[in-house]
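Structure record follows, encoded as structure tokens.
The values are calculated or read from the model by the stated rules, or taken from the named source; none is laboratory data. Being a predicted model, the structure only gives us computed values, none of them experimental. Neighbour counts are summed over all protein chains in view; Cβ atoms, including those assigned to glycine, are modelled from backbone coordinates with ideal geometry.
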Amino acid sequence: MNEFHHYLAELRKKNLYRYRVDREDQWINFSDNDYLGLRKNKLISEALKQSIDQHGNGSGASHLISGHFLSHSKVEEKIAGILGFEKSLFFHSGYIANAAFFKNFLKKGDDVFLDKLCHASIYDGILSVDANLIRYPHLNYQYLEKKLKTSKASKKIIVTDSVFSMDGDCALLKDLMALSSQYNAYLFIDDAHGFGVYGDHGLGVMEEQNCLNFNKSRIIHLTTFGKAAGVSGAALCGPEHIIEFIKQKSREYIYTTATPPYIADGVLTAIDLIIHGNHLRDQLKQNIVYFRGLIRNQDYLSNVHGPIQPIMINNNLKVISYQEALKAIGIHVAAVRAPTVPLNSSRLRVTIRADHTQEDIRLLASQLNYTLENEH
């Protein structure tokens with residue numbers, strides 16, 4: 001018992017203890033990953049309701065028993081087709097998809113080259129296997145290439161987020177694809193925060209960086225549907241033999257009840273809204289520019305221009321007090337601390353959405369300006 005009490009006491013002492021807060025709709029929320037504002041979209045809601053009426057509330061079984069519906073297959077075919085992959089596999093969440101992929105794809109002796117700021121789910125998957133983990137400094141591809149040159153492993157994989165969820169910056173996928181090809185390595189791209197937001201059709205960072213037509217024979221790609229798509233679930237895309245291998249081997253896929261088919265039908269509607277959602281992406285870009293222009297001390301902003309706009313505070317106690325000050329005027333912004341981010345890099349993780357009004361953004365910026373200018 002003492003070890004548990006001690007652990008919790010240490011968290012409180014270091015201002016790292018985290019609390020859940022019941023969501024209240026009257027708050028103006030600047031923490032969502034609902035970048036396009038689709039979470040309450042009426043067309044998606046109607047698709048969910050119609051699917052429930054047709055298929056019921058749940059799937060009834062695991063995918064390989066009797067819980068796989070045509071709706072699941074349609075999502076897999078749709079996302080693989082628009083992204084140019086041979087096949088995809090539908091998962092409950094991006095977290096489960098990442099953990100399942102690395103746990104089953106890797107084996108002892110494989111070399112994994114990981115951007116140090118990749119998502120926790122990727123770490124969990126990799127660390128469950130006795131592979132060789134080589135972390136490279138964030139976006140430092142010269143360091144990465146030095147390590148690739150010296151690798152003797154028969155199987156190598158480079159791993160990156162496309163958009164890094166706490167910093168908001170993007171990987172350079174063309175550079176990573178070139179390194180993957182040159183050193184005969186697989187490349188894993190987690191596009192959780194890119195899909196819907198980036199690219200002319202919202203297809204993510206590969207589209208934004210003109211990589212959709214590249215050779216994908218050694219690329220594995222994750223798309224999630226709980227962020228800009230406003231629903232839930234994820235799809236792992238890649239070469240057919242790798243996706244089939246994961247389907248046949250992954251206990252995380254085989255031994256769990258399938259996602260309800262109504263979720264898949266909601267995702268199908270969301271994908272269509274994203275593809276035809278240029279007006280939403282344009283509004284999102286305008287809101288981001290507007291927010292950044294209102295912050296008087298630009299030193300608190302990072303040099304990123306996507307919806308994730310971290311306000312760097314670097315002090316656990318201060319970041320909590322700033323969060324409470326915002327909450328007092330009806331605004332919710334996440335105070336992010338270790339272990340989600342490195343020690344001494346706490347921040348307010350502001351996320352801008354397409355459906356934020358200018359009045360919402362002005363209220364947020366006004367309070368931030370006041371707080372930051374009077375922090376001493």
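Of all residues in the range 172-206, those satisfying the criterion of being more than 20 Å from Tyr141 (Cβ to Cβ), out of contact with any Pro (no Cβ under 8 Å at 6 or more places or on another chain) and among the hydrophobic types (A, V, I, L, M, F, W, C) are Ala192, Phe195, Leu203. Residue by residue through the range 71-94, note down the ones that are more than 16 Å from Ile219 (Cα to Cα), in contact (Cβ under 8 Å) with a residue 60 or more places away in the chain and out of contact with any strand residue (DSSP E or B) (no Cβ under 7 Å at 6 or more places or on another chain). Result: Ser71, Lys74, Lys78, His92. Condition first: within 21 Å of Ser93 (Cβ to Cβ) and free of Cβ contacts under 8 Å to residues at least 12 places away in the same chain. Now tell me which residues in the range 212-242 satisfy that. Answer for the range 212-242, where residues must be within 21 Å of Ser93 (Cβ to Cβ) and free of Cβ contacts under 8 Å to residues at least 12 places away in the same chain: there is none. Taking each residue of the range 285-302 that is closer than 17 Å to Leu363 by Cβ and looking for partners that are of a type in the set (Val, Ile, Thr) and in a loop (DSSP other than H, G, I, E, B) with beta-carbon atoms closer than 7 Å, six or more apart or interchain, yields Asn287/Ile352; Ile288/Ile352; Phe291/Ile352. In the set Leu43, Leu16, Leu38, Leu64, only one residue is over 25 Å from Val341 (Cβ atoms), in contact (Cβ under 8 Å) with a residue 60 or more places away in the chain, surrounded by 11 or more Cβ atoms within 10 Å (Cβ to Cβ) and under 23 Å from the mean Cα position of the chain (by Cα); that residue is Leu38. Search the range 320-353 for residues being aliphatic (A, V, I, L, M) and over 20 Å from the mean Cα position of the chain (by Cα), and hand back the single one that is modelled with the lowest pLDDT. Going through the qualifying residues, I end up with Leu343. Please specify each residue of the range 199-211 satisfying the condition of being more than 19 Å from the chain's Cα centre (by Cα) and in contact (Cβ under 8 Å) with a residue 40 or more places away in the chain. Across the range 199-211, the qualifying residue is only Asp200. Here Asp299 meets the list (1) assigned by TED's automatic domain parsing to the domain that holds Ser165; (2) at pLDDT below 95 almost entirely, failing just condition (1).
All of Gly238, Gly277, Gly230 fail the test of being of a type outside the set (Asp, Glu) and touching a Gly at 6+ places or on another chain (Cβ under 7 Å), apart from Gly277. Remark: pairs (first residue in the range 99-111, more than 10 Å from Val129 (Cα to Cα); second residue aromatic (Phe, Trp, Tyr) and modelled with pLDDT of 95 or more; Cβ separation under 8 Å; 6+ apart in sequence or on different chains) = Ala100/Phe91; Ala100/Tyr253; Phe101/Phe188.
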